[in-house]
1. Conditions: (1) more than 28 Å from GLN256 (Cβ to Cβ); (2) among the hydrophobic types (A, V, I, L, M, F, W, C); (3) free of Cβ contacts under 8 Å to residues at least 24 places away in the same chain. ALA300 meets all but one. Number of the miss?
2. Anything in the stretch 164-185 that is assigned to a loop (DSSP other than H, G, I, E, B) and of a type in the set (Asp, Glu)? List them, or say none.
3. Residues that are under 24 Å from LYS183 (Cβ atoms), small (Gly, Ala, Ser) and either out of contact with any helix residue (DSSP H, G or I) (no Cβ under 7 Å at 6 or more places or on another chain) or surrounded by fewer than 19 Cβ atoms within 10 Å (Cβ to Cβ) (or both): does the stretch 331-354 have at least one?
4. Taking PRO367 as meeting all but one of (1) closer than 19 Å to SER125 by Cα; (2) at pLDDT 95 or above, write down the number of the exception.
5. Among the residues that make up the stretch 284-296, is at least one of them crowded, with 24+ Cβ neighbours inside 10 Å and free of Cβ contacts under 8 Å to residues at least 12 places away in the same chain?
6. Looking only at the stretch 85-107, which residues are more than 19 Å from ALA283 (Cβ to Cβ) and assigned to a strand (DSSP E or B)?
7. So which residues in the stretch 307-325 are in a loop (DSSP other than H, G, I, E, B) and under 22 Å from LYS357 (Cβ atoms), if there are any at all?
8. Looking at (1) touching a residue at least 24 places away in the same chain (Cβ under 8 Å); (2) at positive phi; (3) of a type in the set (Gly, Ala, Ser), which one does GLY243 not meet, given that it meets all the others?
Amino acid sequence: MKRLLKVLRYVVIGFVALFLALSAFFQYIHYPNVIAAVRLGLAPASKTPTLMPWHTVAPSTTPALWSTGSEAMPATVNYEGKQITFQDFLSKSYTDAFLVVRNGKITYEYYNKKAGITPTTQLPSYSMAKTLTSIVIGQLIHQGKIHESDTFVSFFPQWRTGGSFDKVTIQSLLDMEAGVGVKDNYPNGPAGWGVGIAQMYATTDMNWFISHNRKMLEAPDTKPEYRSVDSQMLGLIIQKVTGTTVSDYFSKSVWQLIGAKNAATWNVDHVGGHEKTFCCFNAAARDYALVGELFVNNGASGAHQVIDASWLKRLSTPAVKLDYGWGYGAQVWHPYPGINLMMGLHGQQVFADPATKTVIVKLSDFPNGDDPQSAIASVLYPIAEHPAKP
């Protein structure tokens, strides 16, 4: 018995020592406390919005009134090389919400009731937030407050390095050509907590993160590569130029103008700090659809011109090729000609087809980020292009 107690004592001491070491490490890299970080790392995608601090994005006082119709989805779809039923597609692709909007009318709507998902459930955007960030950047450019040729350090001279980091422009950031050395190799499990992209996602101090991650992997505008740090730097510019939080500015310049019915949230490093503009916007499915509607209605929502014509053209024009060989420009994906796609980790997509005035919203809960985005898009494209008869 004494020997067993001695072994147990050493085990307890070991766990305490490990906990203290992890706590010290997390404090050094400006992570949440160990327990909060573990909860965040293990949570399914749909449960992350309330696991980090946030700022509220106020909704419209005159929300959009949706009209609804009825449209049958195809009996079967080709998903990952197999012909399966549409309902199997929803299940196998971990769908939380699926909306089809034709000519401003909701013709199909699905929510995963087994998971407790409803039309008002806040679901995360992950990298779809990049497009939201770009919409605001375009507004500031239209107002003459910034220019694509402006360098990042012209807004933040305290972060000059004397090297190629100082040459990173807004255009470089928009088109994923900045070259800043924070790769998007999202890790799985505790082994990846120290990786740069994980630090940026979980950080409690974005200023500290940027100040410690200015090393360049290549000179700006020499190699396009998808890196979320580019989008985060755009968000910092927005906050600097507007003098307010990205959430407040986005609420007044976009969210309220499109008639969003529900408050959204935008996760931040700490309350009163910086929005994580490469991800972490959380909203109801119908309100995401209102953003998608801007892409099929010439940037307008009712009487409000939310995206001006020149910026809509910029958003709709591929500038580089990235993953899957898809076009990409100004934080918008172009998987097929004429298609604008907002896309985020764990299977989030807002698929906008101006030719048919169709918007499809798919919000998902893929585990570990193992989401086959190209396979999802290949299902959405024929649905968008070929409306079914009522």
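The values are calculated or read from the model by the stated rules, or taken from the named source; none is laboratory data. Note that this is a predicted model, so its numbers are computed, not measured. Here the Cβ is made from the backbone with ideal geometry for all residues, glycine too, and neighbour counts use every protein chain on show.
1. For ALA300, the exception is condition (1).
2. Step one: of the stretch 164-185, the residues assigned to a loop (DSSP other than H, G, I, E, B) are 168, 175-179, 181-185.
Correct list: ASP175, GLU177, ASP184.
3. Applying the first criterion (under 24 Å from LYS183 (Cβ atoms)) to the stretch 331-354 yields 331-335, 341-349.
Now restrict to residues that are small (Gly, Ala, Ser): 344, 347.
Next, only the ones that are either out of contact with any helix residue (DSSP H, G or I) (no Cβ under 7 Å at 6 or more places or on another chain) or surrounded by fewer than 19 Cβ atoms within 10 Å (Cβ to Cβ) (or both) stay: none.
Taking every residue of the stretch 331-354 in turn, none turns out to be under 24 Å from LYS183 (Cβ atoms), small (Gly, Ala, Ser) and either out of contact with any helix residue (DSSP H, G or I) (no Cβ under 7 Å at 6 or more places or on another chain) or surrounded by fewer than 19 Cβ atoms within 10 Å (Cβ to Cβ) (or both).
4. Result: PRO367 fails condition (2) only.
5. no
6. From the stretch 85-107, those more than 19 Å from ALA283 (Cβ to Cβ) are 85-93, 102-103, 105, 107; that's our starting set.
Listed by number, the residues that qualify are THR85, ARG102, LYS105, THR107.
7. As a first pass, look at the stretch 307-325 and keep what is in a loop (DSSP other than H, G, I, E, B): 307-308, 316-319, 322.
Listed by number, the residues that qualify are ILE307, ASP308, SER316, THR317, PRO318.
8. (1)
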